[in-house]
Amino acid sequence: MTRLRSRSDAGQAFPIYITVVAGLLFLAFAYLAVGQAAANRNGAQTAADAAALAAAQDARDQLARAWAENVLDPTKWQIIFDGKAPLDDACWRAYDLAALNNAEVEDCGTEGPLRYLVLVESNEPVGDSIVPNTENQYSKASATAVVEPLCQFDPLGADAADDELPRLMCEDRFWDLDPEDLDELPKPEDLFDVHLAD
């Protein structure tokens, strides 16, 4: 009698065991699908960040060149530091960097003179998983990069000499520019900082 009951108990436990194992396998596949999607989203976000920074850095370099070309005309400095100097489209760099990160730029543009917004889509789909239709889903991400001027200067007074230039204050460094010797000018990174918007 006891032997029959133990066999009967073992027979009843087997379906429960199968159900528990099936449930655990389902959870494992679900976690895998979530991990796949998260990795794909992270890749898209990395591509968007890199693309936005690349566009902003190109704009920074153009602004620095504009300042160097107009260094002898301090009346144009503020326009350049405000980002209002005429610039070529800097988004070409965003396309390059997105491609290097296995993504494609869907949109790139400015949000004001010193902010670049980039929207990208990953080239690789999320992939097959237990979640339906993920094999045809592509992650999208956006990022905004900012070009921040680092320098200030006091405009020259009416009594300034014709060949005098204002002292340029860039964070904790001062630049006393000599119009007769402009071999050493601030670099783009001395004039402007580039970072992702918070």
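If the chain linking GLU106 and ASN42 were pulled fully straight, counting 0.36 nm for each residue of separation and taking away their Cα-Cα distance, it would gain 21.3 nm. Each label point was placed 7 Å from the Cα along the Cα-to-Cβ direction; for LYS187 and ASN70 their separation is 2.4 nm.
Electrostatic tally near LEU150: other residues with Cβ closer than 12 Å to its Cβ, Lys and Arg +1, Asp and Glu -1, net -3. With r defined as the distance between the Cβ atoms of ASP96 and ASP154 and R0 fixed at 41 Å, what FRET efficiency is calculated, to the nearest 0.05? Given R0 = 41 Å and the Cβ-Cβ separation, E is 0.55.
Computed from the coordinates by the stated procedures, all read-outs in this text should not be read as laboratory data. All values derive from a computational prediction rather than experimental measurement. Using ideal geometry, Cβ is built from the backbone for each residue, glycine included, and neighbour counts are taken over all protein chains shown.
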